[in-house]
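To keep things clear, I will list the structure first and then write my remarks on it.
The values are calculated or read from the model by the stated rules, or taken from the named source; none is laboratory data. Everything numeric here is computed off the predicted structure, so don't read it as measured data. We place every Cβ from the backbone using ideal geometry, glycine too, and count neighbours over all the protein chains shown.
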């Protein structure tokens, strides 16, 4: 359309204005148009344009002046001929050089002017499409003349260039000498300006297209990075974004978000590039909780009020590959974006028209930002901020912030403004070139920048969301793998534990079994020990009983002494032998109490007593014939053994076992006497025999035959005596030891009595004794020979001890007290027996008159033998006698019983 | 030298045989007594050179008789030889303690009896 309009304008111009040099004019226009259209680059177009126009006009200098937004302007293209005028290319001119009224005229009526300084005239020609050139000349403003003159210009031509209904710039021709420019030149320059307007529009369109393409390329490039992989290289993308926006730094803050219940909350992440502000110290103090816990424990403080409440369910597993280059850690300081002041500030800051979630702060000095935050940025040479709050489907994700530092501007000015005339009432005198350098200037964010960032923010949001999802998946996977690993480890541990447990169980079982067996053994040992103990106790009890029984039943007296000789215990026999009760003995000092004396009755000194020696030396003493004193003062011979009582090698006393040996001494005495008597009784006849036979053998009696005969008789007589003696002794011994068997049988008492009388009749007659017999016819159970021996012994005794002429009678009768017995009596009329010897005469060699007995041929053993025989027949024998009145020897024998009959039969 | 020996012995057979033995062996004068009393009386009366005294006699035994002889001034110097059948060691020890001239145990050897008595007398 614009091209067609331009063509139309050119055709109009050709039809109306081209007069003589029509072809060259058209050619020029065509060439210019072609050159303009050859390039889409505005600079080239402008350069071509000024060159062609200067060539066409033949003036010294043609320039294109472009207005800035503030009314000032810059020479953007220039063509100079032969240096007739100084170059003003890229020189800036203040807004006052072209007053606002003039600029408005340029715009409203597209007023063109032709000034001729020499004529002081200015031709003004408003643009009227479709009409001829209408140039009205009037006197030029002196100031204008002075201005041009100062520039060395004598004539000028100015045509405004409009673009999109705004005053874009001016096409200006200067000439150092006066030159008349007319409608033709004006017309052509106007046509060229028209073409320029088209070219500028095209160039603008191209620039916009290029910008858009660049932006789209940037977006595509970043989006490609963002979406290329599930694992978003946010750090790289951030850096690319910073580059794309010509920023010198930036940061991407990802808000903390929750993962699943196992992964917990992901901490906030921060990716940075370039200089970064430090969070103000005052902000740290304002935080309620320590920073290292704030990020994870109190995300609600930091969540923007709008629009999401579901952010808590977002997930972002941190993975090593996407870890920020300046990563935050839970233990580091909190991030700016986490602080409530950040949100508060953004709410106060005016958002960009592009988006309510975008803030473009060109100059921090002009922001409503808290001063401490602004200082934090300015400290690191950050002058401008562009912040976009990232959302994905109502879910707040974080902030993308881009920084721009300060920049320096350099401008070349044509002449200095007169500082003393701010209104510029007077024209400038000099256009000498000077450079203006402005440092520390902000670098504002263009709308395109903001739109680009907004577009990128959407991609960022999607990518971050994807990133979070991926992290979540990774976390889940990681958690799952971790779970699996943990489970495997757990299973391994369980297996190991099981094995260990099993091992322990086995070991413990073995130990328990061992302990059990040990316990069983100990129990068995204890049971055995207990049994043994019980047995021992029972044994002790039994032994105690036995000891008591022994002590009580032994014939010997037993008593115990302590080391001081005090009686500690005594058995009843001891007490009885001593004539005391047991209680009387306990606690008594034995030595004094018993009047311990030697055999001859001499009292012992205590220290010399064998019992004392036992207690003090531990020696055992066996003594006999010492004497103890009874309670009644009499003493008796004792035989005792004193033995020490030892406990753990210590003598704690003595035990004395004693017995009364009175009876034994008597028996021994009797035995000694018996032996003495037997010896005497045997030696007596033997002496006779030996002496007589010796005399006979010596031959000394050869001459004395009577004496020899007498000696022989003596020898023979004593030989008989010796035979009887030996026979009686043997009988007594046999009876005594039961070696004389009784050949018992039924026999008649009468027969036995008569046989005995017959046997003794000769002796009796020789002694002049008359025998009388009164038999009884009873049947006896007896050994008849032994009974006859008894009768004859007793009859012989009676005969021996009866005076000649007396009567010895043998009678029998049934026992009155015991009807089963028959009682025999042998009565003499001898000297009788003293009453105190009535018992003794039955003992051995106890004849009342031994010499008499021996003179009677007795052995002294007859009565002893008789007693033995009678007792062997269960009978009794005794003597009744009075001295001088004779004696009656009596003995009883049992009558035969039916049993005896049976055995006989 | 002819000795006069008094035998006090209650056993007649021994008394007779001993008397004969001393008479025929040495030709000594031998008087006899059958009891202690008789023996003491004869000793006093006859003053024998020696008394052969039986120990075991009824009524008064030989030891008592010896005591009587020792107690009597006229007989206390007469050596007394005990003629005894008590041959137990303790009996012998008891005899040894007496102031007798000798002890001859029954049954004595008739061939040496007189020599034994002579030896005792010669020692004295």
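Observations on the model:
- Counted residues, region A:28-84 - those being closer than 18 Å to residue A:169 by Cβ, assigned to a helix (DSSP H, G or I) and free of Cβ contacts under 8 Å to residues at least 12 places away in the same chain: 1
- Flag if residue B:31 is within 14 Å of another protein chain (Cβ to nearest Cβ) and surrounded by 15 or more Cβ atoms within 10 Å (Cβ to Cβ): no
- Only one of the listed residues (A:697, A:715) is surrounded by fewer than 20 Cβ atoms within 10 Å (Cβ to Cβ), over 60 Å from the mean Cα position of the chain (by Cα) and within 21 Å of residue B:19 (Cα to Cα). That residue is A:697.
- Enumeration of residues in region B:97-124 that are more than 10 Å from every other protein chain (Cβ to nearest Cβ) and assigned to a loop (DSSP other than H, G, I, E, B): B:97, B:98, B:99, B:100, B:101, B:124
- Among the candidates A:763, A:729, A:735, A:757, the residue that is surrounded by 14 or more Cβ atoms within 10 Å (Cβ to Cβ), more than 9 Å from chain B (Cβ to nearest Cβ) and closer than 30 Å to residue A:555 by Cα is uniquely A:735.
- Within region B:1-25, being touching a strand residue (DSSP E or B) at 6+ places or on another chain (Cβ under 9 Å), closer than 19 Å to residue B:47 by Cβ and either at the interface with another protein chain (Cβ under 7 Å from one of its Cβ atoms) or at pLDDT below 90 (or both) holds for B:2, B:3.
- Subset tally (residues that are crowded, with 18+ Cβ neighbours inside 10 Å and assigned to a helix (DSSP H, G or I)) for region B:34-58: 5
- Scanning region A:844-861 turns up no residue that is within 26 Å of residue A:895 (Cβ to Cβ), away from chain B (no Cβ under 14 Å) and either surrounded by 15 or more Cβ atoms within 10 Å (Cβ to Cβ) or at pLDDT below 80 (or both).
- Residues satisfying the stated conditions in region B:83-96, i.e. within 11 Å of chain A (Cβ to nearest Cβ), in contact with a strand residue (DSSP E or B) (Cβ under 6 Å, 6 or more places away or on another chain) and free of Cβ contacts under 8 Å to residues at least 60 places away in the same chain: B:87
- Among the conditions (1) under 27 Å from residue A:98 (Cβ atoms); (2) buried (at least 19 other Cβ atoms within 10 Å of the Cβ), residue A:184 misses just one, which is (2).
- Close pairs from region A:832-843: first under 20 Å from residue A:674 (Cβ atoms), partner surrounded by fewer than 19 Cβ atoms within 10 Å (Cβ to Cβ), Cβ under 6 Å, at least 6 apart: A:840/A:846
- The set of residues in region A:737-753 being touching a residue at least 60 places away in the same chain (Cβ under 8 Å) and in contact with a helix residue (DSSP H, G or I) (Cβ under 7 Å, 6 or more places away or on another chain) consists of A:740, A:742, A:745, A:746, A:753.
- Residue in region B:69-82 that is at the interface with chain A (Cβ under 10 Å from one of its Cβ atoms) and touching a strand residue (DSSP E or B) at 6+ places or on another chain (Cβ under 8 Å) present: no
- Hey, residue A:654 in contact (Cβ under 8 Å) with a residue 24 or more places away in the chain and not assigned by TED's automatic domain parsing to the domain that holds residue A:729 or not: yes
- Among the conditions (1) under 25 Å from residue A:649 (Cα atoms); (2) modelled with pLDDT under 90; (3) touching a helix residue (DSSP H, G or I) at 6+ places or on another chain (Cβ under 7 Å), the only one that residue A:540 does not satisfy is (3).
- Residues of region A:698-716 satisfying the condition of being free of Cβ contacts under 8 Å to residues at least 24 places away in the same chain and within 8 Å of another protein chain (Cβ to nearest Cβ): A:698, A:700, A:701, A:704, A:707, A:710, A:711
A quick yes/no check of all residues on (1) touching a residue at least 24 places away in the same chain (Cβ under 8 Å); (2) under 17 Å from residue A:658 (Cα atoms):
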site	(1), (2)
A:542	no, no
A:548	no, yes
A:566	yes, yes
A:576	no, yes
A:590	yes, yes
A:600	no, no
A:607	no, no
A:616	yes, no
A:624	yes, yes
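- Test: residue in region A:97-113 that is farther than 30 Å from residue A:209 by Cβ, in contact with a strand residue (DSSP E or B) (Cβ under 7 Å, 6 or more places away or on another chain) and at pLDDT below 80: yes
- Some residue of region B:67-79 being at pLDDT 90 or above, under 18 Å from residue A:679 (Cα atoms) and not in a loop (DSSP other than H, G, I, E, B): no
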